[in-house]
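I am attaching a structure below and will ask some questions about it afterwards.
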Amino acid sequence: MVTSAVRHGFTDIDGGQPTTHPIGRCHRGDDHRAAAELIEQATPDGKQLAAVLRRLLDVKGRAHYGVTVVPTRSARDAAKWAGRLVERAAEELAR
């Protein structure tokens, strides 16, 4: 669940097409943390969205690569954060 939530969150935010992305660029590559820098520039609330993405990526690291189980609360938080990123991406694409 956590990995799925994270993927939805950063795919929608990180994977925008250059023609529709608010700053005319999109991130390509495996370092999704670098995408947070672009997100900061993309919208007035970009700094907050970038912080959400970074929190999701922290959870992804623990869930996807770790040997410990992610607590239920962290999984719920990740789903909430991913939902926020997906919602904002949809709002930006609807403009």
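Any residue in the stretch 28-43 that is modelled with pLDDT under 60, surrounded by fewer than 17 Cβ atoms within 10 Å (Cβ to Cβ), over 15 Å from L85 (Cα atoms) and not β-branched (V, I, T)?
Of the residues in the stretch 28-43, the ones modelled with pLDDT under 60 are none.
Checking the stretch 28-43: not a single residue is modelled with pLDDT under 60, surrounded by fewer than 17 Cβ atoms within 10 Å (Cβ to Cβ), over 15 Å from L85 (Cα atoms) and not β-branched (V, I, T).
Output the number of residues of the stretch 59-75 satisfying the condition of being among the charged types (D, E, K, R) and surrounded by 14 or more Cβ atoms within 10 Å (Cβ to Cβ).
Number of matching residues: 2.
From the list L93, L53, pick out the single residue that is of a type outside the set (S, T, Y), part of a helix (DSSP H, G or I), in contact with a Leu (Cβ under 7 Å, 6 or more places away or on another chain) and modelled with pLDDT of 75 or more.
That would be L53, the only listed residue that is of a type outside the set (S, T, Y), part of a helix (DSSP H, G or I), in contact with a Leu (Cβ under 7 Å, 6 or more places away or on another chain) and modelled with pLDDT of 75 or more.
Looking at this structure, is V86 aliphatic (A, V, I, L, M) and either at pLDDT 90 or above or surrounded by 18 or more Cβ atoms within 10 Å (Cβ to Cβ) (or both)?
When the stated conditions are applied, V86 does not pass them.
Tell me which of these V70 doesn't satisfy, since it passes every other one: (1) assigned to a loop (DSSP other than H, G, I, E, B); (2) modelled with pLDDT under 80.
Evaluating V70 over (1) assigned to a loop (DSSP other than H, G, I, E, B); (2) modelled with pLDDT under 80 leaves (2) as the failure.
A further question follows. Before we move on, is R88 without any contact (Cβ under 8 Å) to a residue 24 or more places away in the chain, within 11 Å of the chain's Cα centre (by Cα) and part of a helix (DSSP H, G or I)? Explain how you work it out, then say what you get.
Working: without any contact (Cβ under 8 Å) to a residue 24 or more places away in the chain: no; within 11 Å of the chain's Cα centre (by Cα): yes; part of a helix (DSSP H, G or I): yes.
Criteria not met by R88.
The values are calculated or read from the model by the stated rules, or taken from the named source; none is laboratory data. The structure presented is a predicted model; accordingly, all values stated were derived computationally and were not measured. Because the Cβ atoms are built from the backbone with ideal geometry, glycine has one as well, and the counts that use them run over all protein chains shown.
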